[in-house]
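Presented below is the structure to which this report refers.
The values are calculated or read from the model by the stated rules, or taken from the named source; none is laboratory data. Being a predicted model, the structure only gives us computed values, none of them experimental. Cβ placement follows ideal geometry from the backbone for every residue including glycine, while neighbour counts extend to all protein chains displayed. Accessible surface is based on the protein model in full, side chains and every heavy atom, while ligands, DNA and RNA are left aside. Shrake-Rupley method; radii C 1.70, N 1.55, O 1.52, S 1.80 Å.
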Amino acid sequence: MGLPMARNLVRAGYEVSGYDLSAKRRNLLKAAGGGAAKNARDSAEGAAVAFIMVMFGRQVMEAVAGENGLLQAMPRGSVIVVSATVERDELTEVAEVAAAHGVHIVDAPVSGGLPGARDGTLTFMAAGAPAAIKKIRPHLRVLGKTVHIAGENPGDGQTVKAVLQVMLGGFFSAIFESMTLGRKAGIDTRVVFDALTTSMAASPLLANCAGLIKARKFKNTGSRIATMHKDLGISTNLARRVGVPVPVASAARELFQAGISSYPDEDNWCVVKVLERMAGIDPDAPRRARSQSKTGKR
(Lines give C-alpha, C1' and ligand atoms only; values in the text may rest on other atoms or scores of the structure.)
Protein backbone atom coordinates (compact mmCIF):
# COMPACT_ATOMS: atom_id res chain seq x y z
CA MET A 1 0.00 0.00 0.00
CA GLY A 2 2.95 2.32 0.51
CA LEU A 3 3.75 2.55 -3.20
CA PRO A 4 0.31 3.80 -4.37
CA MET A 5 0.24 6.22 -1.44
CA ALA A 6 3.62 7.59 -2.50
CA ARG A 7 2.46 7.85 -6.10
CA ASN A 8 -0.55 9.92 -5.02
CA LEU A 9 1.72 12.32 -3.14
CA VAL A 10 3.93 12.66 -6.21
CA ARG A 11 0.90 13.41 -8.38
CA ALA A 12 -0.18 16.05 -5.86
CA GLY A 13 3.11 17.88 -6.35
CA TYR A 14 5.05 16.72 -3.30
CA GLU A 15 8.72 15.85 -3.56
CA VAL A 16 8.73 12.20 -2.49
CA SER A 17 11.58 9.84 -1.74
CA GLY A 18 10.85 6.30 -0.57
CA TYR A 19 12.53 3.14 0.58
CA ASP A 20 11.40 -0.47 0.29
CA LEU A 21 13.31 -3.70 0.80
CA SER A 22 12.32 -4.63 -2.75
CA ALA A 23 14.42 -2.98 -5.46
CA LYS A 24 11.51 -3.52 -7.84
CA ARG A 25 9.23 -1.40 -5.66
CA ARG A 26 11.86 1.32 -5.35
CA ASN A 27 12.22 1.41 -9.12
CA LEU A 28 8.44 1.65 -9.55
CA LEU A 29 8.40 4.75 -7.36
CA LYS A 30 11.27 6.21 -9.35
CA ALA A 31 9.35 5.56 -12.57
CA ALA A 32 6.37 7.42 -11.05
CA GLY A 33 8.48 10.51 -10.45
CA GLY A 34 9.69 9.86 -6.91
CA GLY A 35 13.14 9.17 -5.57
CA ALA A 36 14.45 5.70 -4.77
CA ALA A 37 16.33 5.83 -1.47
CA LYS A 38 18.92 3.31 -0.32
CA ASN A 39 17.49 3.13 3.23
CA ALA A 40 15.00 4.85 5.53
CA ARG A 41 17.53 7.48 6.60
CA ASP A 42 18.30 8.36 3.01
CA SER A 43 14.59 8.72 2.23
CA ALA A 44 14.17 11.26 5.05
CA GLU A 45 17.01 13.64 4.19
CA GLY A 46 15.49 17.12 4.15
CA ALA A 47 11.98 15.81 4.87
CA ALA A 48 9.54 17.40 7.29
CA VAL A 49 7.06 14.52 7.06
CA ALA A 50 7.59 10.78 6.65
CA PHE A 51 5.06 7.96 6.26
CA ILE A 52 5.65 4.38 7.38
CA MET A 53 3.59 1.55 5.87
CA VAL A 54 4.97 -1.82 6.92
CA MET A 55 3.61 -5.08 8.33
CA PHE A 56 4.87 -5.43 11.91
CA GLY A 57 5.70 -3.28 14.93
CA ARG A 58 9.34 -4.34 14.95
CA GLN A 59 9.63 -3.02 11.41
CA VAL A 60 8.22 0.33 12.52
CA MET A 61 10.82 0.58 15.28
CA GLU A 62 13.61 -0.37 12.88
CA ALA A 63 12.44 2.20 10.32
CA VAL A 64 12.29 4.91 12.99
CA ALA A 65 15.19 4.19 15.32
CA GLY A 66 17.38 1.64 13.55
CA GLU A 67 20.95 2.17 12.44
CA ASN A 68 19.73 3.80 9.22
CA GLY A 69 16.38 4.92 10.60
CA LEU A 70 14.39 8.09 10.07
CA LEU A 71 15.57 9.67 13.32
CA GLN A 72 19.09 9.79 11.91
CA ALA A 73 17.93 12.36 9.36
CA MET A 74 14.72 14.08 10.46
CA PRO A 75 15.00 17.42 12.30
CA ARG A 76 13.32 18.37 15.54
CA GLY A 77 9.69 19.29 15.01
CA SER A 78 9.25 16.96 12.04
CA VAL A 79 6.47 14.37 11.91
CA ILE A 80 6.50 10.63 11.29
CA VAL A 81 3.12 9.18 10.35
CA VAL A 82 2.73 5.49 11.14
CA SER A 83 -0.01 4.14 8.88
CA ALA A 84 0.81 0.50 9.57
CA THR A 85 -1.40 -1.58 11.86
CA VAL A 86 0.57 -2.75 14.90
CA GLU A 87 0.07 -3.45 18.59
CA ARG A 88 -0.90 -0.38 20.59
CA ASP A 89 2.02 -0.80 22.99
CA GLU A 90 4.48 -1.09 20.10
CA LEU A 91 3.29 2.24 18.74
CA THR A 92 3.51 3.88 22.16
CA GLU A 93 7.10 2.71 22.53
CA VAL A 94 8.05 4.10 19.11
CA ALA A 95 6.44 7.43 20.01
CA GLU A 96 8.48 7.67 23.20
CA VAL A 97 11.72 7.02 21.33
CA ALA A 98 10.89 9.62 18.70
CA ALA A 99 9.84 12.20 21.31
CA ALA A 100 13.28 11.95 22.92
CA HIS A 101 14.65 13.23 19.58
CA GLY A 102 12.06 16.00 19.31
CA VAL A 103 10.18 14.22 16.52
CA HIS A 104 6.39 13.75 16.62
CA ILE A 105 4.70 10.45 15.91
CA VAL A 106 1.19 10.56 14.49
CA ASP A 107 -0.47 7.19 14.92
CA ALA A 108 -2.64 6.91 11.81
CA PRO A 109 -3.58 3.37 10.72
CA VAL A 110 -5.86 3.14 7.71
CA SER A 111 -8.84 1.30 6.33
CA GLY A 112 -9.60 0.89 2.65
CA GLY A 113 -7.03 -1.63 1.53
CA LEU A 114 -5.13 -1.51 -1.73
CA PRO A 115 -8.05 0.06 -3.69
CA GLY A 116 -8.24 2.87 -1.14
CA ALA A 117 -4.49 3.45 -1.27
CA ARG A 118 -4.55 3.48 -5.06
CA ASP A 119 -7.59 5.76 -5.39
CA GLY A 120 -6.73 8.12 -2.53
CA THR A 121 -9.85 7.18 -0.59
CA LEU A 122 -8.35 5.74 2.59
CA THR A 123 -9.89 6.32 6.00
CA PHE A 124 -7.38 7.41 8.65
CA MET A 125 -7.75 6.90 12.41
CA ALA A 126 -5.26 9.49 13.62
CA ALA A 127 -3.88 10.18 17.08
CA GLY A 128 -1.16 12.59 18.10
CA ALA A 129 -0.40 16.14 19.11
CA PRO A 130 -2.88 18.56 17.50
CA ALA A 131 -0.06 20.62 15.98
CA ALA A 132 1.46 17.51 14.40
CA ILE A 133 -1.88 16.42 12.94
CA LYS A 134 -2.45 19.94 11.60
CA LYS A 135 0.91 19.77 9.85
CA ILE A 136 0.07 16.56 8.01
CA ARG A 137 -3.57 17.40 7.18
CA PRO A 138 -2.72 18.43 3.59
CA HIS A 139 -0.96 15.10 3.03
CA LEU A 140 -3.86 13.13 4.47
CA ARG A 141 -6.30 14.94 2.18
CA VAL A 142 -4.31 13.62 -0.78
CA LEU A 143 -4.29 10.06 0.52
CA GLY A 144 -7.78 9.68 1.99
CA LYS A 145 -11.31 10.92 2.06
CA THR A 146 -11.87 10.70 5.83
CA VAL A 147 -9.75 11.45 8.89
CA HIS A 148 -11.04 10.49 12.33
CA ILE A 149 -9.20 12.02 15.29
CA ALA A 150 -8.90 9.19 17.80
CA GLY A 151 -7.10 11.20 20.46
CA GLU A 152 -3.90 13.03 21.31
CA ASN A 153 -1.98 9.98 22.47
CA PRO A 154 -0.16 7.79 19.93
CA GLY A 155 -1.68 4.34 20.35
CA ASP A 156 -5.26 5.61 20.30
CA GLY A 157 -5.36 5.26 16.52
CA GLN A 158 -4.23 1.64 16.76
CA THR A 159 -6.94 1.02 19.34
CA VAL A 160 -9.66 2.28 16.99
CA LYS A 161 -8.23 0.15 14.17
CA ALA A 162 -8.30 -2.92 16.43
CA VAL A 163 -11.97 -2.23 17.19
CA LEU A 164 -12.70 -1.95 13.46
CA GLN A 165 -10.98 -5.24 12.70
CA VAL A 166 -13.20 -7.02 15.23
CA MET A 167 -16.19 -6.01 13.12
CA LEU A 168 -14.52 -6.83 9.81
CA GLY A 169 -13.41 -10.24 11.03
CA GLY A 170 -16.98 -11.13 11.95
CA PHE A 171 -18.35 -9.71 8.70
CA PHE A 172 -15.86 -11.65 6.58
CA SER A 173 -16.62 -14.86 8.45
CA ALA A 174 -20.36 -14.44 7.93
CA ILE A 175 -19.84 -13.95 4.21
CA PHE A 176 -17.66 -17.05 3.98
CA GLU A 177 -20.26 -19.13 5.84
CA SER A 178 -23.16 -17.79 3.76
CA MET A 179 -21.46 -18.49 0.46
CA THR A 180 -20.48 -21.99 1.59
CA LEU A 181 -23.97 -22.79 2.89
CA GLY A 182 -25.61 -21.72 -0.35
CA ARG A 183 -23.24 -23.80 -2.45
CA LYS A 184 -23.58 -26.89 -0.25
CA ALA A 185 -27.37 -26.57 -0.34
CA GLY A 186 -27.32 -26.64 -4.13
CA ILE A 187 -27.98 -22.99 -4.97
CA ASP A 188 -26.09 -21.40 -7.85
CA THR A 189 -23.38 -19.13 -6.42
CA ARG A 190 -24.47 -16.34 -8.74
CA VAL A 191 -27.95 -16.44 -7.24
CA VAL A 192 -26.55 -16.31 -3.72
CA PHE A 193 -24.33 -13.38 -4.69
CA ASP A 194 -27.23 -11.46 -6.26
CA ALA A 195 -29.47 -12.06 -3.27
CA LEU A 196 -26.87 -11.00 -0.71
CA THR A 197 -25.78 -7.87 -2.55
CA THR A 198 -29.34 -6.57 -2.97
CA SER A 199 -30.41 -7.36 0.60
CA MET A 200 -30.28 -5.34 3.81
CA ALA A 201 -26.75 -6.69 4.28
CA ALA A 202 -25.55 -5.08 1.04
CA SER A 203 -22.31 -3.10 1.25
CA PRO A 204 -19.19 -2.47 -0.85
CA LEU A 205 -17.30 -4.94 1.35
CA LEU A 206 -19.90 -7.66 0.79
CA ALA A 207 -19.96 -7.04 -2.97
CA ASN A 208 -16.18 -7.19 -3.22
CA CYS A 209 -15.71 -10.23 -0.99
CA ALA A 210 -18.62 -12.30 -2.33
CA GLY A 211 -17.78 -11.26 -5.89
CA LEU A 212 -14.24 -12.57 -5.60
CA ILE A 213 -15.51 -15.83 -4.10
CA LYS A 214 -18.02 -16.16 -6.93
CA ALA A 215 -15.22 -15.61 -9.45
CA ARG A 216 -12.92 -17.99 -7.50
CA LYS A 217 -10.21 -15.33 -7.31
CA PHE A 218 -8.06 -16.07 -4.30
CA LYS A 219 -4.72 -14.51 -5.27
CA ASN A 220 -3.42 -11.08 -6.21
CA THR A 221 -6.58 -9.22 -5.23
CA GLY A 222 -4.77 -6.82 -2.88
CA SER A 223 -5.86 -8.38 0.44
CA ARG A 224 -3.28 -10.90 1.60
CA ILE A 225 -4.57 -13.22 4.32
CA ALA A 226 -1.38 -12.63 6.31
CA THR A 227 -2.47 -9.05 6.98
CA MET A 228 -5.96 -9.82 8.29
CA HIS A 229 -4.64 -12.76 10.28
CA LYS A 230 -2.14 -10.44 11.96
CA ASP A 231 -4.76 -7.74 12.56
CA LEU A 232 -7.20 -10.13 14.22
CA GLY A 233 -4.40 -11.24 16.52
CA ILE A 234 -3.87 -7.60 17.50
CA SER A 235 -7.60 -7.13 18.13
CA THR A 236 -8.01 -10.23 20.28
CA ASN A 237 -4.81 -9.45 22.19
CA LEU A 238 -6.16 -6.00 23.03
CA ALA A 239 -9.51 -7.45 24.09
CA ARG A 240 -7.77 -9.87 26.42
CA ARG A 241 -5.63 -7.11 27.97
CA VAL A 242 -8.59 -4.82 28.67
CA GLY A 243 -10.91 -7.63 29.72
CA VAL A 244 -13.53 -7.68 26.96
CA PRO A 245 -14.95 -10.97 25.64
CA VAL A 246 -14.90 -11.09 21.83
CA PRO A 247 -16.20 -14.55 20.93
CA VAL A 248 -17.03 -13.68 17.31
CA ALA A 249 -13.63 -12.09 16.65
CA SER A 250 -11.92 -15.03 18.35
CA ALA A 251 -13.77 -17.48 16.09
CA ALA A 252 -12.85 -15.33 13.07
CA ARG A 253 -9.22 -15.42 14.13
CA GLU A 254 -9.32 -19.22 14.17
CA LEU A 255 -10.89 -19.28 10.71
CA PHE A 256 -8.14 -17.04 9.39
CA GLN A 257 -5.58 -19.24 11.14
CA ALA A 258 -6.98 -22.21 9.24
CA GLY A 259 -6.88 -20.18 6.05
CA ILE A 260 -3.29 -19.05 6.40
CA SER A 261 -2.19 -22.55 7.41
CA SER A 262 -3.80 -24.05 4.30
CA TYR A 263 -3.21 -21.24 1.80
CA PRO A 264 -0.38 -19.02 3.14
CA ASP A 265 0.20 -17.21 -0.14
CA GLU A 266 -3.42 -16.40 -0.92
CA ASP A 267 -5.86 -13.65 0.01
CA ASN A 268 -8.60 -13.34 2.65
CA TRP A 269 -11.22 -15.07 0.54
CA CYS A 270 -9.31 -18.37 0.61
CA VAL A 271 -10.92 -19.02 4.01
CA VAL A 272 -14.06 -20.01 2.12
CA LYS A 273 -12.12 -22.97 0.69
CA VAL A 274 -11.40 -24.18 4.22
CA LEU A 275 -15.11 -24.12 5.01
CA GLU A 276 -15.91 -25.84 1.73
CA ARG A 277 -13.56 -28.70 2.54
CA MET A 278 -15.11 -29.00 5.99
CA ALA A 279 -18.52 -29.20 4.32
CA GLY A 280 -17.39 -31.93 1.94
CA ILE A 281 -17.13 -29.65 -1.10
CA ASP A 282 -14.16 -29.82 -3.47
CA PRO A 283 -12.92 -26.19 -3.65
CA ASP A 284 -11.21 -26.86 -6.97
CA ALA A 285 -14.24 -28.35 -8.71
CA PRO A 286 -15.42 -25.09 -10.39
CA ARG A 287 -11.93 -24.38 -11.73
CA ARG A 288 -11.53 -27.91 -13.06
CA ALA A 289 -14.97 -27.75 -14.65
CA ARG A 290 -14.07 -24.54 -16.47
CA SER A 291 -10.76 -26.03 -17.59
CA GLN A 292 -12.45 -29.15 -18.97
CA SER A 293 -15.04 -27.02 -20.78
CA LYS A 294 -12.33 -25.02 -22.51
CA THR A 295 -10.59 -28.18 -23.72
CA GLY A 296 -13.83 -29.80 -24.88
CA LYS A 297 -13.69 -32.58 -22.26
CA ARG A 298 -16.74 -33.90 -20.52
field: Fraction of alpha-carbon pairs over 15 Å apart in segment 221-265 - percent
entry: 42 percent
query: Cα to Cα, under 19 Å, and not fewer than 8 places away if on the same chain: which aspartates and glutamates meet these conditions relative to LYS217?
result: GLU177, ASP188, ASP194, ASP265, GLU266, ASP267, GLU276, ASP282, ASP284
- prompt: For the chain, what is the calculated [θ] at 222 nm in deg cm²/dmol (nearest 500), taking -39500 (n - 2.57) for each run of four or more DSSP H residues and dividing by its residue count?
  reply: -17500 deg cm²/dmol
- request: Rounded to the nearest 10 degrees, what's the angle between the helix 247-262 long axis and the longest principal axis of the chain, both from Cα atoms, 0 to 90?
  value: 80 degrees
Taking the chain and dividing mean pair separation by its residue count, relative contact order in percent (alpha carbons under 8 Å, at least six apart): 12 percent
message: Rounding to the nearest 10 and keeping the result within 0 to 90°, find how far the Cα-based axis of helix 2-11 lies from the longest principal axis of the chain.
response: 60 degrees
query: Where does the charge balance sit around ILE175 when Lys and Arg score +1, Asp and Glu -1, over other residues with C-beta under 13 Å from its C-beta?
result: +1
- request: Using every Cα-Cα pair within the chain, state what percent have a distance larger than 30 Å.
  value: 38 percent
- request: Using a 10 angstrom cutoff on alpha carbons, build the Gaussian network for the chain and name the most mobile of ALA12, ALA126, ALA84.
  value: ALA12
- prompt: Of the heavy-atom accessible surface of the chain (probe 1.4 angstrom), what whole percent is carbon and sulfur?
  reply: 53 percent
- request: Using the structure shown, select from LYS135/LYS230; LYS30/LYS134; LYS214/LYS273; LYS219/LYS273; LYS161/LYS230; LYS184/LYS273 the pairs with a Cα to Cα distance greater than 21 angstrom.
  value: LYS135/LYS230; LYS30/LYS134
- line: P(r) over all Cα-Cα pairs of segment 125-179, 5 Å bins from 0 to the longest distance, whole percent per bin, short to long, reads 4, 18, 20, 19, 14, 9, 8, 5, 3, 0
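Provide the convex hull volume over Cα atoms per residue for segment 74-228, in Å³.
Per residue, the Cα convex hull of segment 74-228 comes to 123 Å³.
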query: How far is the Cα center of segment 230-254 from the Cα center of segment 162-196, in Å?
result: 21 Å
statement: Nearest 10, in degrees from 0 to 90: the angle of helix 130-143 to the longest Cα principal axis of the chain is 50 degrees
field: Over segment 54-161 - Rg/Rh using Cα atoms and the Kirkwood inverse-distance radius
entry: 0.94
